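Taking it in order: structure first as structure tokens, then the write-up.
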Amino acid sequence: MAEQNQLYLDLSHYYDQFCNHIDYAEQSDFAVRAHQCFATSGAHQYLDLACGTGQLLKLMEDKGFNVTGLDNSQEMLTQAATRCPEVSLLLNDLAGYDNKNEFDLITCFLYSLHYSQSLASLNEAINRAYNALKTGGVFMFDMVDKNGIANDAGVATHIENDSEKLTFQSRWWYSGEGDDLDLYLSITRDNAEGVHTWNDHHHMTAVDITSVKARMTEAGFDVFILDRDYARLCEWDGEGANVIVVGVKG
């Protein structure tokens, strides 16, 4: 039985299970090291864009940052509020918030900047981050170059407990031209009520590293391209398609 709506509404309750392979502690350690390396704004006001259920927020709060989370899903923010009851949470899109000169560090991990669709929206998300930072503040995000999209079966996560089995499948597809990147999601839940499957198709923005660096520079950032390796700070070798972009507000 395929369901288009109900499992989507329930997704926030499963999100942490689907993401149990993500090393948020490693991401938070990386964010702190990068902040120490690049930031000159002198304080610890932190914003996580597309914060989801707040796992990274909690870790950054524990490291002494004053944290704010932004997401366009109220269900996700409800979960984040339970995990981090003292933090500020904003319900908005990446290109829709209007904070000014407020933050020392902004992150947008798990390739979430690609959700800014279209290209104009992604450009606006970069502008909004620039405006929200203090001088000397840092904006960092991960991305994949459109020319390196594998167009393969993607990633599957399987979860099983006493009452149900869950499978989460995600894959990207890029046609080879234009700025439309397709994200296909499939979620299957098998329990006493039967097998329920939810499928969805998201339009994301396909970009290349060179154009993103140019756009960041045009917005006013000093830009550094790093390998997407959260275990270390390492300059991109120009070969891989997955990178972390670090922008420092001048």
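Which of (1) in contact (Cβ under 8 Å) with a residue 60 or more places away in the chain; (2) over 16 Å from residue 245 (Cα atoms) does residue 185 not meet, given it meets every other one?
Just one mismatch for residue 185, condition (1).
Going through the stretch 80-120 one residue at a time, which ones are open to solvent by 10 Å² or more (accessible area, probe 1.4 Å), in contact with a helix residue (DSSP H, G or I) (Cβ under 8 Å, 6 or more places away or on another chain) and small (Gly, Ala, Ser)?
If the condition is that a residue be open to solvent by 10 Å² or more (accessible area, probe 1.4 Å), in contact with a helix residue (DSSP H, G or I) (Cβ under 8 Å, 6 or more places away or on another chain) and small (Gly, Ala, Ser), then 95, 96 are the ones that fit.
Can you report the number of residues in the stretch 189-207 which are at pLDDT 90 or above and either within 27 Å of residue 142 (Cβ to Cβ) or crowded, with 16+ Cβ neighbours inside 10 Å (or both)?
Adding up the residues that qualify gives 5.
For the stretch 157-179, how many residues are part of a strand (DSSP E or B) and in contact (Cβ under 8 Å) with a residue 60 or more places away in the chain?
Looking only at that region, the number is 4.
Hey, can you tell me all the residues within the stretch 71-94 that are among the hydroxyl-bearing types (Ser, Thr, Tyr) and within 17 Å of residue 113 (Cα to Cα)?
73
Hey, can you tell me all the residues within the stretch 45-78 that are modelled with pLDDT under 95 and open to solvent by 50 Å² or more (accessible area, probe 1.4 Å)?
Those that are modelled with pLDDT under 95 and open to solvent by 50 Å² or more (accessible area, probe 1.4 Å): 72, 74, 75, 78.
Identify the single condition in (1) open to solvent by less than 30 Å² (accessible area, probe 1.4 Å); (2) at pLDDT 95 or above; (3) not polar (S, T, N, Q) that residue 179 does not satisfy, given that it satisfies every other one.
(1)
Return yes when residue 228 is under 29 Å from residue 136 (Cα atoms), basic (Lys, Arg), touching a helix residue (DSSP H, G or I) at 6+ places or on another chain (Cβ under 8 Å) and open to solvent by 30 Å² or more (accessible area, probe 1.4 Å) and no when it is not.
Against the criterion (under 29 Å from residue 136 (Cα atoms), basic (Lys, Arg), touching a helix residue (DSSP H, G or I) at 6+ places or on another chain (Cβ under 8 Å) and open to solvent by 30 Å² or more (accessible area, probe 1.4 Å)), residue 228 does not qualify.
Could you list, in sequence order, all residues of the stretch 121-164 that are of a type in the set (D, E, K, R), in contact with a strand residue (DSSP E or B) (Cβ under 8 Å, 6 or more places away or on another chain), modelled with pLDDT under 90 and open to solvent by 40 Å² or more (accessible area, probe 1.4 Å)?
160, the sole residue that qualifies.
The values are calculated or read from the model by the stated rules, or taken from the named source; none is laboratory data. Note that the coordinates shown come from a computational prediction; the quantities given were computed from them, not determined experimentally. Here the Cβ is made from the backbone with ideal geometry for all residues, glycine too, and neighbour counts use every protein chain on show. When the accessible area is computed, the model is the full protein with side chains, heavy atoms only, and any ligands, DNA or RNA have been set aside. Shrake-Rupley method; radii C 1.70, N 1.55, O 1.52, S 1.80 Å.
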